[in-house]
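> Once you've had a glance at the structure underneath, I'll fire off some questions.
The values are calculated or read from the model by the stated rules, or taken from the named source; none is laboratory data. Quantities reported herein were computed from a predicted structural model and do not represent experimental measurements. All accessible areas refer to the heavy atoms of the entire protein, side chains included, with ligands and DNA or RNA removed. Shrake-Rupley method; radii C 1.70, N 1.55, O 1.52, S 1.80 Å.
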Amino acid sequence: MNLHDLGWDDGFAASLEPYDNCIPGRVSAQHRGEYDVLAEAGELRARVAGRLRHDASSGADLPAVGDWVALREQTIQGVLPRRSAFQRKVNLGAAEAQVLAANLDSIFVVTGLDADFSARRLERYLTLAWESGASPAVVLTKADLCDDPFALLLEAEQVAVGVPVHLVSNVTGEGHDELAPYLGPAKTIALLGSSGVGKSSLANRLLGHDAQATKEIAEDGTGRHTTTARQLLRLPGGALLVDTPGLREVQLWDADDGIQEAFADVDELAAGCRFNDCAHLREPGCAVQQAIDEGRLPRERLQSYRALQRELARLARKQDARLRSEERKKRVAETRQRRKVSW
């Protein structure tokens, strides 16, 4: 297997040099405690070295699909520095990141043109996509099932500021030729979206065969998971595709820059406010409220912007509390260790 076909280059090679007697590989799938890794000799099953797991401050420091890793005897000794990473906050209230895919060139934010279409959800996905370091693109599926797909295309374009939006049908193939420029050899693309938006059908179209299982939407209109695990797939033209399970919940993680990119129109308007600390409420000379009054900015977009900012502020408070807790535990452990030595 030629590693350059998987995206290997001199930059990654330089990152591998500190790891003695190790070979490079790219993670193609993650299982419980094990990983499928593509190496020069082919695909192999590997485990994480005990030291790497012990030194990891969180799950985000462990390998994810798309990562380049240092291997020794089918043991992952280290994760090479990521050039991009799509990550979200883990569920259940923990202040910790989960990396869904790494070393991406492009992210296809996929949403269906059915009853589940949501501009607000699209803004959330785009915020995370921008934060990843990869280039986002919006792919609107199920154009064949929508009475007026161009109306929803216009709505998507209004919130996807600076992001290309593509209208496709996985049934007829309409619009798929627009995706070709993203699919160059050794380029890595991730499909991200909610359950039932057509990611698996899109993946099958790009693969040229039915590799991913698909299901009909449930009677209540909710999506159903078909992809059950993240995996790296090779496309006929040489690109690499990361398909992910449908996401029922997407919480932000460290997305300050992503918000600025996703809401560049709001930030641009805010630069024209009379006061630098304008909260865009009732302050005199507020350019954002003026744009809303004149119909140039939907009020819902400002509300979404504020909601995401509040979410990030809550996360920052949780992170500070977690850091303080970890520092306390560290000091207690050090104190106990000193007492043992003195005894």
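> Under a 1.4 Å probe, what is the accessible area of segment 1-120 per residue, stated in Å²?
On the way: 5500 Å² over 120 residues.
Dividing the accessible area of segment 1-120 by its residue count gives 46 Å².
> What number, in percent, do you get for the relative contact order of segment 123-202 if the mean sequence gap of Cα pairs under 8 Å and at least 6 apart is divided by its residue count? Before the final figure, lay out the partial values.
Working: 71 pairs, mean separation 21.9, N = 80.
That works out to 27 percent.
> Now, a different point. Using only protein heavy atoms and a 1.4 Å probe, report how much of Leu192 is accessible, in Å² to the nearest 10.
0
> HN-Hα J couplings of segment 235-245 from phi, Karplus 6.51/-1.76/1.60, θ = phi - 60°, integer Hz, Gly and Pro as x?
8, x, x, x, 6, 10, 10, 9, 9, 10, x
> Same structure, new question: Taking just the C-alpha trace of segment 1-109, give me its Rg and Dmax in Å.
Answer for segment 1-109, Rg first and Dmax second: 13.6, 42 Å.
> So for segment 96-148, what are the equivalent ellipsoid semi-axes in whole Å, largest first, each being the square root of 5 times an eigenvalue of the Cα gyration tensor?
Working: eigenvalues 119, 29, 15 Å².
The three semi-axes for segment 96-148 are 24, 12, 9 Å.
> Given H placed 1.01 Å from N in the peptide plane, which residues other than close sequence neighbours of Glu174 have an amide H under 5 Å from its amide H?
Under 5 Å from the amide H of Glu174: Ser169.
> Assign one of three labels to segment 1-62, namely rounded, prolate or oblate, based on the Cα gyration tensor with a ≥ b ≥ c the square roots of its eigenvalues; rounded applies when a/c is under 1.5, prolate when it is not and a/b is larger than b/c, and oblate otherwise. Before the final figure, lay out the partial values.
Numbers: a/c = 1.96, a/b = 1.31, b/c = 1.50.
Oblate is the answer for segment 1-62, as a/c is 1.5 or above yet b/c matches or exceeds a/b.
> Let me ask something additional. Any chance you could get the radius of gyration and Dmax over the Cα atoms of segment 56-175, in Å?
In Å, with Rg to one decimal and Dmax whole: 17.5, 56.
> Next up: Counting only protein heavy atoms, what percent of the accessible surface of segment 1-64 is carbon or sulfur at a 1.4 Å probe? Each step should come with its number before you reach the end.
Working: 1590 of 3590 Å².
Solvent-exposed carbon and sulfur of segment 1-64 make up 44 percent of the total.
> Enumerate the amide H contacts of Gly25 below 5 Å, restricted to partners 5 or more residues apart or on another chain; note that Pro and chain-start residues carry no placed amide H.
Val69, Leu71
> So for segment 147-202, what are the equivalent ellipsoid semi-axes in whole Å, largest first, each being the square root of 5 times an eigenvalue of the Cα gyration tensor? Mind showing how you got there, number by number?
On the way: eigenvalues 78, 46, 32 Å².
Computed over segment 147-202, the values are 20, 15, 13 Å.
> Let me ask another. List, in order, the whole-Hz ³J(HN,Hα) value for each residue of segment 133-141 obtained from phi through the Karplus relation with A = 6.51, B = -1.76, C = 1.60 and θ = phi - 60°; use x for Gly and Pro.
Here the 3J(HN,Hα) series is x, 8, 8, x, 9, 9, 10, 8, 9 Hz.
> Something else: Quick one: 3J(HN,Hα) in Hz for segment 287-296, Karplus 6.51/-1.76/1.60 with θ = phi - 60°, rounded, Gly and Pro as x.
6, 5, 5, 4, 5, 5, 4, 8, x, 8
> Can you give me the long-range amide H partners of His166? Hydrogens built in the peptide plane at 1.01 Å from N, cutoff under 5 Å, separation of 5 or more residues or another chain.
Hits under the 5 Å cutoff: Val138, Val139, Leu140.
> Could you look at segment 104-177 and say what percent of its accessible area is carbon and sulfur, using a 1.4 Å probe and all protein chains?
On the way: 1440 of 2820 Å².
So the carbon and sulfur contribution to the accessible surface is 51 percent.
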